[in-house]
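Okay, so here's the structure we're looking at.
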Amino acid sequence: MPFDLQQYIQERRSEVEAALAGFLPGIQDGCPPPVAEAMRYSIAAGGKRLRPILCLASAEAVGGDRALALPAACAIEMIHTYSLIHDDLPAMDNDTMRRGQPTLHVVAGEGMAILAGDGLLTEAFYLLSREPSVGDAATVARKLEVIQSISAAAGPRGMVGGQAMDLASVQPDPSGRVAPPFDASELRRMHVKKTGALIRVSATAGAIMGGGTTDQITAIDTAAGEFGLAFQIVDDILDVEGASAELGKTAGKDAVAGKPTYPALYGLERSRAMAEECLRRAESALHAAGVADPHLIGIGRWIVQRSR
Ligand code: GRG
């Protein structure tokens, strides 16, 4: 079936952005203006919307209605945006540019940036518990499964845990000790948690909300695990090769901070080959389960071929 991936991505992105604007709380919901505005500033700053698009494509790949996955897609983008706000804080990665705009703590102050991040995280779960509001038992059961999967992926077993491993690898502990550099398997473990878990659950949540069978959900989960790793490898490559203006954030920070990265460990050429290998493994998992939807495969290629 011929299709235009760019058009698909653009259409899903617009859908997600319109839904996010409607789901975010405002003053009419009793949300005080400074925190409402701060949350909207970071969401509206842009971003590729990779995770929500992957979520919607996964719902469709199992033959489901993507409208049922839209709240999960938006909730995941809220959680992702919170993680970027907190990651950019002086206590963490200390960055002043994100999504091509000054970071939230630069424009709203550190306290408000912390609160906006907290607000996006909690609001995501408020949304997940509330929408879709369809009352049938199957949808309610799927919502609960998705809430469990997303909370595991975003919390200390997943993204928060990975961020803690990352932080400990560069910041001295209270006694002044810095952890020894990661070897290859620790680097992989850190990325699987820090970046991979949320990308992975984006696809899995979409497949669950789309009513996929266990085999379909498992295959999409496996493929998205590979997408998540490929995403991080490419992110590390872009940090070496990319220009800050195109990336929308400060390039070259990993090397300056002495961070363990794929190019540092394996070199650029091998890192590129590793990202391609992830893609091949993802595609074969999707083919084996009969869910090799062209949009899903195309999103994998987008992850590896992107320049920002
Ligand atoms: C603060 C709990 C907590 C976690 C932060 C994901 C993360 C954990 C920090 C981000 C650090 C970082 C820049 C990691 C590299 C991979 C990554 C998540 C890049 C940003 O994601 P994109 O490229 O961003 O999808 P956009 O702006 O396009 O949404």
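Listed values, structure above:
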item	result
Test: residue in the range 210-232 that is at pLDDT 95 or above, over 22 Å from residue 194 (Cα atoms), open to solvent by less than 60 Å² (accessible area, probe 1.4 Å) and in contact with a Phe, Trp or Tyr (Cβ under 7 Å, 6 or more places away or on another chain)	no
Pairs where the first residue, in the range 276-301, is more than 17 Å from residue 56 (Cβ to Cβ) and the second is among the acidic types (Asp, Glu), C-beta under 6 Å, 6+ apart	278/226; 281/226; 282/226; 289/215
Residues (in contact with a Leu (Cβ under 8 Å, 6 or more places away or on another chain) and surrounded by fewer than 19 Cβ atoms within 10 Å (Cβ to Cβ)) located in the range 1-40	35, 40
Residue identified as out of contact with any Gly (no Cβ under 7 Å at 6 or more places or on another chain) and within 15 Å of the ligand (Cβ to nearest atom) among 79, 27	79
Residue match in the range 99-112 (condition: in contact (Cβ under 8 Å) with a residue 24 or more places away in the chain, open to solvent by less than 60 Å² (accessible area, probe 1.4 Å) and in contact with a Leu (Cβ under 7 Å, 6 or more places away or on another chain))	no
The listed residue being part of a helix (DSSP H, G or I), under 18 Å from residue 198 (Cβ atoms) and not polar (S, T, N, Q), out of 152, 138	152
Residue satisfying all of: in the range 169-196; in a loop (DSSP other than H, G, I, E, B) and open to solvent by less than 60 Å² (accessible area, probe 1.4 Å); nearest to residue 225 (Cα to Cα) among these	182
Candidates 115, 127, 144, 120 - the one that is within 13 Å of the ligand (Cβ to nearest atom), of a type outside the set (Val, Ile, Thr) and either at pLDDT 95 or above or surrounded by fewer than 19 Cβ atoms within 10 Å (Cβ to Cβ) (or both)	120
Filter pass, residue 146 being assigned to a loop (DSSP other than H, G, I, E, B) and either within 17 Å of the chain's Cα centre (by Cα) or closer than 18 Å to residue 93 by Cα (or both)	no
Test result for residue 235, crowded, with 18+ Cβ neighbours inside 10 Å, at pLDDT below 95 and under 13 Å from the mean Cα position of the chain (by Cα)	yes
Residue in the range 253-270 that is among the β-branched types (Val, Ile, Thr), open to solvent by 50 Å² or more (accessible area, probe 1.4 Å) and at pLDDT below 95 present	yes
Qualifying position, being in contact (Cβ under 8 Å) with a residue 12 or more places away in the chain and either more than 16 Å from the ligand (Cβ to nearest atom) or not aliphatic (A, V, I, L, M) (or both), among 158, 135	158
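Condition check ((1) within 14 Å of the ligand (Cβ to nearest atom); (2) farther than 26 Å from residue 170 by Cβ; (3) open to solvent by 20 Å² or more (accessible area, probe 1.4 Å); (4) at pLDDT below 95) across all residues:
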| position | (1), (2), (3), (4) |
| --- | --- |
| 43 | yes, yes, no, no |
| 56 | no, yes, no, no |
| 60 | no, yes, yes, no |
| 69 | no, yes, no, no |
| 72 | no, yes, no, no |
| 84 | yes, no, yes, no |
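The values are calculated or read from the model by the stated rules, or taken from the named source; none is laboratory data. Note that the structure is predicted; figures quoted are calculated from it, not measured. Every residue, glycine among them, receives a Cβ derived from its backbone with ideal geometry; neighbour counts consider all protein chains shown. Each accessible area value is taken on the protein alone, full model and side chains, heavy atoms only, with ligands, DNA and RNA left out. Shrake-Rupley method; radii C 1.70, N 1.55, O 1.52, S 1.80 Å.
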